[in-house]
Amino acid sequence: MTTLDFAPAHPPVAIPAIPLRELLPWAIFIALLAVVILYFVGVEEGAMAIFNGMYVHEFVHDSRHLLGFPCH
């Protein structure tokens, strides 16, 4: 009669934690990028516009409706 051994072939590998000082610059960068994208999608038209014309508005027009921003 044979016996089965269910021991793992390799010991488990511990996943090291990422220190906050290495994660914080990326988190700030992503937050600023999100704010800029939110501005262009949600606010860039009319009196608050940085760019003249409706080029940015028309470029992000469908995403405005997808995210629930009124524009008509």
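Below, the figures for the structure above:
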| item | result |
| --- | --- |
| Structure-based [θ]222 nm, the chain - -39500 (n - 2.57) summed over DSSP H runs of at least 4, per residue, nearest 500 | -15000 deg cm²/dmol |
| Computed over the chain: relative contact order in percent, which uses C-alpha pairs under 8 Å that are six or more apart | 20 |
| Segment 32-71: C-alpha gyration tensor shape, a/c 1.5 cut-off, then a/b vs b/c | oblate |
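Every number in this text was worked out from the coordinates using simple rules, so none of it is lab data. These figures come from a predicted structure and were not determined experimentally.
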